[in-house]
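The values are calculated or read from the model by the stated rules, or taken from the named source; none is laboratory data. Small disclaimer: the values here were computed from a predicted structure and weren't measured. Positions of Cβ are backbone-derived with ideal geometry, glycine not excepted, and every protein chain shown enters the neighbour counts. What goes into the accessible areas is simple: the full protein's heavy atoms, side chains included, and nothing from ligands, DNA or RNA. Shrake-Rupley method; radii C 1.70, N 1.55, O 1.52, S 1.80 Å.
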Amino acid sequence: MRRALSLLCAAGTLVAGTVAVLVVSVSPAAAISACPSGMSCGYYTVSGLGARKQAILNYGADTLDMAVAMLETETMQANYAYGDRKTGDAANFGIFKQNWGMIRQCTPQYQSYGPNEWNAGTALNSNLSWDVQVLNKCQSYFGMDKWFGGHRNGATGLANPYTTDINNYKTAVYWIKAQIDANSGYRTDNTRFWVYVPAI
Ligand SMILES: *[C@@H]1O[C@H](CO)[C@@H](O)[C@H](O)[C@H]1NC(C)=O
């Protein structure tokens, strides 16, 4: 693992007749592991991301959950196209882009619902606490391997969770989690880690 300490100094602007202004901002140690084999990865700053991280931690998310949200959206907000332009069991909701097919199976409140009631998933878009609770229910209900399979590839992935594509997705999420875990500052600052997961 290569570690580099990044110290950003936006140095003093000295304007005649005014006092010198020195702004120093220290980012956490930019420890970043090599990208997963065959994938691109990196990190950058997203304004407001730290507040979103803190919010999901407060609602009981762990850094694996944080890594999923970070991979799925840039801002960790459910502000993408409704359902992620999908309907029925394939429709996505919340900051983790959970699919309705899994949501309705693992959540007691929705177990009487079918694919046609997919709009009920809207509740996750507007209630971050519920979004995190449903995620954690689904991870427990399916177990992490099946959860990754279904999250990546719906019913097909639930039935067959060890394909190359699902394994790549899982590798990407765990890489992001490892970066966050390497420095506690990354749990609450504005750093977004990303991995480009190749399509197969
Ligand atoms: C979020 O959802 C939970 C579970 O349905 C509910 O108990 C809570 O009141 C909701 N919070 C808001 C702000 O709607």
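Go through Leu128, Leu124 for me and flag whichever is more than 24 Å from Asp165 (Cβ to Cβ) and either in contact with a Gly (Cβ under 7 Å, 6 or more places away or on another chain) or at pLDDT below 95 (or both). Break it down into steps so the answer makes sense when it comes.
Numbers: Leu128 fails: either in contact with a Gly (Cβ under 7 Å, 6 or more places away or on another chain) or at pLDDT below 95 (or both).
The unique qualifying residue is Leu124.
Annotation note: of Asn168, Asn136, Asn92, the sole residue that is more than 15 Å from the chain's Cα centre (by Cα) and either open to solvent by less than 50 Å² (accessible area, probe 1.4 Å) or of a type outside the set (Gly, Ala, Ser) (or both) is Asn168. Residues in the stretch 185-200 that are open to solvent by 50 Å² or more (accessible area, probe 1.4 Å) and either aliphatic (A, V, I, L, M) or at pLDDT 95 or above (or both): Arg187, Thr188, Asn190, Trp194, Ala199, Ile200.
Taking the stretch 116-130, which residues are open to solvent by 50 Å² or more (accessible area, probe 1.4 Å) and either under 19 Å from the mean Cα position of the chain (by Cα) or within 11 Å of the ligand (Cβ to nearest atom) (or both)?
First, the residues of the stretch 116-130 that are open to solvent by 50 Å² or more (accessible area, probe 1.4 Å): 116-117, 119, 122, 125-127.
Within the stretch 116-130, Thr122, Asn125, Ser126, Asn127 qualify.
Summed over the stretch 33-51, the residues that are over 23 Å from Asp165 (Cβ atoms) and open to solvent by less than 60 Å² (accessible area, probe 1.4 Å) give a count of 4. Evaluation of Asp84 against the conditions (1) open to solvent by 20 Å² or more (accessible area, probe 1.4 Å); (2) within 16 Å of the ligand (Cβ to nearest atom); (3) closer than 28 Å to Val46 by Cα shows that the sole unmet condition is (2).
If a residue must be touching a helix residue (DSSP H, G or I) at 6+ places or on another chain (Cβ under 7 Å) and within 16 Å of the ligand (Cβ to nearest atom), how many such residues does the stretch 131-149 contain? Walk me through it before giving the result.
Filtering the stretch 131-149 for residues touching a helix residue (DSSP H, G or I) at 6+ places or on another chain (Cβ under 7 Å) gives 131-132, 134-135, 137-139, 141-142, 146-149.
Next, only the ones that are within 16 Å of the ligand (Cβ to nearest atom) stay: 131-132, 134-135, 137-138.
The qualifying residues number 6.
Tell me yes or no: at least one residue of the stretch 150-165 is within 16 Å of the ligand (Cβ to nearest atom), of a type in the set (Gly, Ala, Ser) and crowded, with 16+ Cβ neighbours inside 10 Å. Don't jump to the end; show me each part of the working.
Taking the stretch 150-165 as the starting set, the residues that turn out to be within 16 Å of the ligand (Cβ to nearest atom) are none.
Within the stretch 150-165, not a single residue is within 16 Å of the ligand (Cβ to nearest atom), of a type in the set (Gly, Ala, Ser) and crowded, with 16+ Cβ neighbours inside 10 Å.
Considering the conditions (1) among the β-branched types (Val, Ile, Thr); (2) open to solvent by 30 Å² or more (accessible area, probe 1.4 Å); (3) at pLDDT 95 or above, Thr73 is excluded by exactly one of them, (2).
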